[in-house]
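Colleague: Following this message is one structure expressed as C-alpha coordinates.
The values are calculated or read from the model by the stated rules, or taken from the named source; none is laboratory data. Just so we're clear, the structure is a prediction, and the values are computed from it rather than from any experiment. Positions of Cβ are backbone-derived with ideal geometry, glycine not excepted, and every protein chain shown enters the neighbour counts. Ligands, DNA and RNA are stripped out before the accessible areas are found, and what is left, the full protein with its side chains, is counted by its heavy atoms. Shrake-Rupley method; radii C 1.70, N 1.55, O 1.52, S 1.80 Å.
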Amino acid sequence: MANPNKIKGTQWESDVRDYLNSALGLVDEYGKFLDPFDAHNVRRPAQEGSADVGDVHAVPFVLECKNVKRVSVPTFLRQAEVEARHAGFPYGVAVVKVARLNVRRGKVHFSIRTWTRVRLALGLSSRAFADRYAFAASLRGLDSGKWYMTTELEDFRLLLADVRALRNAR
(Lines give C-alpha, C1' and ligand atoms only; values in the text may rest on other atoms or scores of the structure.)
Protein backbone atom coordinates (compact mmCIF):
# COMPACT_ATOMS: atom_id res chain seq x y z
CA MET A 1 0.00 0.00 0.00
CA ALA A 2 1.27 3.48 -0.88
CA ASN A 3 2.16 6.04 1.78
CA PRO A 4 -0.98 8.21 2.26
CA ASN A 5 1.08 11.28 3.25
CA LYS A 6 3.16 10.98 0.06
CA ILE A 7 -0.04 10.71 -1.97
CA LYS A 8 -1.42 13.89 -0.34
CA GLY A 9 1.87 15.73 -0.91
CA THR A 10 2.06 14.68 -4.56
CA GLN A 11 -1.56 15.75 -5.08
CA TRP A 12 -0.80 19.19 -3.57
CA GLU A 13 2.22 19.61 -5.87
CA SER A 14 0.06 18.69 -8.87
CA ASP A 15 -2.73 21.05 -7.76
CA VAL A 16 -0.24 23.95 -7.44
CA ARG A 17 1.27 23.18 -10.85
CA ASP A 18 -2.13 22.88 -12.54
CA TYR A 19 -3.48 26.05 -10.92
CA LEU A 20 -0.48 28.15 -11.99
CA ASN A 21 -0.48 26.78 -15.54
CA SER A 22 -4.19 27.53 -15.87
CA ALA A 23 -4.06 30.96 -14.17
CA LEU A 24 -1.10 32.00 -16.34
CA GLY A 25 -2.86 30.88 -19.53
CA LEU A 26 -0.30 28.21 -20.38
CA VAL A 27 -2.83 25.41 -20.92
CA ASP A 28 -6.03 24.94 -22.89
CA GLU A 29 -9.43 24.09 -21.39
CA TYR A 30 -8.38 20.42 -21.19
CA GLY A 31 -5.20 21.14 -19.24
CA LYS A 32 -2.85 20.50 -22.19
CA PHE A 33 0.09 22.85 -22.72
CA LEU A 34 -0.49 25.39 -25.49
CA ASP A 35 3.22 25.09 -26.27
CA PRO A 36 4.79 21.99 -24.69
CA PHE A 37 8.28 23.41 -25.29
CA ASP A 38 7.67 26.77 -23.58
CA ALA A 39 10.21 27.21 -20.78
CA HIS A 40 7.56 29.10 -18.77
CA ASN A 41 5.34 26.04 -18.36
CA VAL A 42 5.10 25.20 -14.68
CA ARG A 43 6.38 21.67 -14.12
CA ARG A 44 6.99 19.02 -11.47
CA PRO A 45 10.56 17.80 -12.03
CA ALA A 46 11.75 14.27 -11.33
CA GLN A 47 13.12 13.82 -7.82
CA GLU A 48 16.90 14.04 -7.61
CA GLY A 49 17.64 12.39 -4.26
CA SER A 50 20.22 14.19 -2.15
CA ALA A 51 20.47 16.99 -4.74
CA ASP A 52 16.71 17.55 -4.81
CA VAL A 53 15.66 20.36 -7.16
CA GLY A 54 12.30 21.18 -5.54
CA ASP A 55 8.72 20.11 -6.03
CA VAL A 56 7.52 22.55 -8.69
CA HIS A 57 9.48 24.74 -11.12
CA ALA A 58 7.84 28.04 -12.07
CA VAL A 59 10.77 29.84 -13.70
CA PRO A 60 12.50 31.69 -11.99
CA PHE A 61 11.06 30.19 -8.76
CA VAL A 62 11.41 26.77 -7.17
CA LEU A 63 8.34 25.98 -5.10
CA GLU A 64 8.65 23.68 -2.11
CA CYS A 65 5.07 22.45 -1.68
CA LYS A 66 3.91 21.25 1.73
CA ASN A 67 0.63 19.61 2.75
CA VAL A 68 1.25 19.06 6.46
CA LYS A 69 -0.55 19.46 9.77
CA ARG A 70 2.43 20.99 11.58
CA VAL A 71 3.79 23.97 9.65
CA SER A 72 7.43 25.00 10.10
CA VAL A 73 7.90 27.86 7.65
CA PRO A 74 11.58 28.68 8.44
CA THR A 75 12.52 25.04 7.84
CA PHE A 76 10.50 24.93 4.61
CA LEU A 77 12.15 28.14 3.38
CA ARG A 78 15.67 26.85 4.06
CA GLN A 79 14.80 23.71 2.11
CA ALA A 80 13.32 25.75 -0.78
CA GLU A 81 16.40 27.95 -1.04
CA VAL A 82 18.78 24.97 -1.06
CA GLU A 83 16.70 23.26 -3.73
CA ALA A 84 16.58 26.45 -5.81
CA ARG A 85 20.40 26.52 -5.79
CA HIS A 86 20.49 22.84 -6.82
CA ALA A 87 18.14 23.62 -9.71
CA GLY A 88 20.06 26.76 -10.72
CA PHE A 89 17.08 29.06 -10.02
CA PRO A 90 17.44 32.42 -8.26
CA TYR A 91 14.43 32.13 -5.93
CA GLY A 92 13.00 29.46 -3.63
CA VAL A 93 9.64 29.76 -1.83
CA ALA A 94 7.43 27.48 0.24
CA VAL A 95 3.79 26.85 -0.73
CA VAL A 96 1.72 25.47 2.14
CA LYS A 97 -1.77 24.02 1.74
CA VAL A 98 -4.52 25.47 3.90
CA ALA A 99 -6.95 22.75 4.94
CA ARG A 100 -10.36 22.83 3.27
CA LEU A 101 -9.56 25.86 1.09
CA ASN A 102 -9.15 26.16 -2.67
CA VAL A 103 -5.62 25.82 -4.06
CA ARG A 104 -5.51 29.53 -4.90
CA ARG A 105 -5.73 30.21 -1.15
CA GLY A 106 -2.56 28.24 -0.43
CA LYS A 107 0.04 30.28 1.47
CA VAL A 108 3.25 31.23 -0.34
CA HIS A 109 6.05 32.10 2.08
CA PHE A 110 9.15 34.09 1.14
CA SER A 111 12.23 34.55 3.27
CA ILE A 112 12.94 38.23 3.86
CA ARG A 113 16.08 37.82 1.72
CA THR A 114 14.12 36.41 -1.25
CA TRP A 115 11.29 38.93 -0.82
CA THR A 116 13.84 41.78 -0.91
CA ARG A 117 15.66 40.38 -3.96
CA VAL A 118 12.41 40.00 -5.92
CA ARG A 119 11.18 43.44 -4.83
CA LEU A 120 14.42 45.09 -5.92
CA ALA A 121 14.39 43.23 -9.24
CA LEU A 122 10.93 44.69 -9.89
CA GLY A 123 12.08 48.16 -8.79
CA LEU A 124 9.35 48.56 -6.17
CA SER A 125 9.41 50.09 -2.71
CA SER A 126 8.53 47.83 0.21
CA ARG A 127 5.09 49.44 0.54
CA ALA A 128 4.29 49.30 -3.19
CA PHE A 129 5.41 45.68 -3.38
CA ALA A 130 3.37 44.62 -0.34
CA ASP A 131 0.29 46.48 -1.60
CA ARG A 132 0.46 45.12 -5.16
CA TYR A 133 0.88 41.48 -4.16
CA ALA A 134 -1.10 41.50 -0.86
CA PHE A 135 1.89 40.53 1.27
CA ALA A 136 1.47 40.39 5.03
CA ALA A 137 4.40 40.48 7.43
CA SER A 138 4.80 37.38 9.53
CA LEU A 139 7.55 38.26 11.94
CA ARG A 140 8.44 35.60 14.46
CA GLY A 141 10.87 35.92 17.34
CA LEU A 142 13.98 38.04 17.55
CA ASP A 143 15.96 35.99 15.03
CA SER A 144 15.69 37.63 11.60
CA GLY A 145 16.52 34.24 10.08
CA LYS A 146 12.99 33.21 11.04
CA TRP A 147 11.22 36.25 9.56
CA TYR A 148 9.23 35.73 6.42
CA MET A 149 6.59 37.30 4.20
CA THR A 150 3.38 35.55 3.16
CA THR A 151 0.89 35.88 0.32
CA GLU A 152 -1.67 33.61 -1.29
CA LEU A 153 -1.01 31.55 -4.41
CA GLU A 154 -3.53 33.71 -6.28
CA ASP A 155 -1.39 36.81 -5.62
CA PHE A 156 1.85 34.91 -6.21
CA ARG A 157 0.74 34.18 -9.79
CA LEU A 158 0.57 37.95 -10.41
CA LEU A 159 4.07 38.35 -9.01
CA LEU A 160 5.30 35.45 -11.12
CA ALA A 161 3.81 36.99 -14.27
CA ASP A 162 5.42 40.37 -13.48
CA VAL A 163 8.85 38.85 -12.79
CA ARG A 164 8.65 36.88 -16.02
CA ALA A 165 7.59 39.97 -18.00
CA LEU A 166 10.53 41.92 -16.56
CA ARG A 167 12.98 39.13 -17.43
CA ASN A 168 11.59 38.90 -20.98
CA ALA A 169 11.89 42.68 -21.45
CA ARG A 170 15.63 42.57 -20.79
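Colleague: What translational diffusion coefficient, in µm²/s and rounded to a whole number, does the Stokes-Einstein relation yield for the chain at 25 °C and a viscosity of 0.890 mPa s, taking the hydrodynamic radius as the Kirkwood radius over Cα pairs?
Modeller: Working: Rh = 16.3 Å.
Using the Kirkwood radius from Cα pairs, D works out to 150 µm²/s.
Colleague: Quick check: the distance between the Cα centres of the range 92-120 and the range 38-90, to the nearest angstrom?
Modeller: That distance is 12 Å.
Colleague: Sticking with this structure for a sec: Please give the contour-minus-distance gain from Lys146 to Ile7: 0.36 nm per residue of separation, less the Cα-Cα distance, rounded to one decimal in nm.
Modeller: Here the segment from Lys146 to Ile7 would lengthen by 47.1 nm.
Colleague: In deg cm²/dmol and to the nearest 500, what is the mean residue ellipticity at 222 nm of the chain if only DSSP H runs of at least 4 residues count, each as -39500 (n - 2.57), divided by the residue total? Each step should come with its number before you reach the end.
Modeller: On the way: 5 runs with 70 residues, N = 170.
So the calculated ellipticity at 222 nm is -13500 deg cm²/dmol.
Colleague: Right, another one. At most 15 other Cβ atoms within 10 Å and a DSSP loop assignment: could you name the trypsin sites (Lys or Arg not before Pro) in the range 16-105 that fit?
Modeller: On the way: sites: Arg17, Lys32, Arg43, Lys66, Lys69, Arg70, Arg78, Arg85, Lys97, Arg100, Arg104, Arg105; in loops: Lys32, Lys69, Arg70, Lys97, Arg100.
Passing both the DSSP loop test and the Cβ count: Lys32, Lys69, Arg70, Arg100.
Colleague: Further question: How would Ile112, Ile7 rank on accessible area, largest to smallest, probe 1.4 Å? Provide the component values of the computation, followed by the final result.
Modeller: Values: Ile112 50, Ile7 100 Å².
Final ranking, largest accessible area leading: Ile7, Ile112.
Colleague: Taking the chain, how many lysine pairs are there with alpha carbons less than 12 Å apart, if each pair must be eight or more places apart or span two chains? Please list the in-between numbers first.
Modeller: On the way: Lys6/Lys66; Lys8/Lys66; Lys8/Lys69; Lys8/Lys97; Lys66/Lys97; Lys66/Lys107; Lys69/Lys97; Lys97/Lys107.
Lysine pairs, 8 or more places apart or on different chains, close enough: 8.
Colleague: Rounded to the nearest percent, how much of the accessible area of the chain (1.4 Å probe, protein heavy atoms only) is carbon and sulfur?
Modeller: Carbon plus sulfur share of accessible area: 52 percent.
Colleague: What accessible area per residue, rounded to a whole number of Å², is obtained for the chain using a probe radius of 1.4 Å?
Modeller: Working: 9490 Å² over 170 residues.
Result: 56 Å² per residue.
Colleague: What full-extension length gain, to one decimal in nm, is calculated for Leu122 and Arg78 as 0.36 nm per residue of separation minus the Cα-Cα distance? Display every interim value, and only then the final one.
Modeller: Values: separation 44, 0.36 × 44 = 15.84 nm, distance 2.31 nm.
Difference between extended and current length: 13.5 nm.
Colleague: Turning to a different aspect of this structure: Which FRET efficiency, nearest 0.05, do Val71 and Phe33 yield, Cβ-Cβ r, R0 22 Å? Let's see the in-between values first.
Modeller: On the way: r = 32 Å, r/R0 = 1.45.
Plugging the Cβ-Cβ distance into 1/(1 + (r/R0)^6) gives 0.10.
Colleague: Sorting Ser125, Ser111 by accessible area (1.4 Å probe), largest first, what list results? Walk me through the intermediate numbers first.
Modeller: Values: Ser125 65, Ser111 10 Å².
If we order Ser125, Ser111 from most to least accessible, we get Ser125, Ser111.
Colleague: Just by accessible area at a 1.4 angstrom probe, what is the order of Trp115, Trp147 from largest to smallest? Walk me through the numbers before you get to the answer.
Modeller: Values: Trp115 25, Trp147 85 Å².
Descending order: Trp147, Trp115.
Colleague: Relative contact order for the chain: what percent, with Cα pairs under 8 Å and sequence separation of 6 or more?
Modeller: Working: 265 pairs, mean separation 28.3, N = 170.
Relative contact order, the chain: 17 percent.
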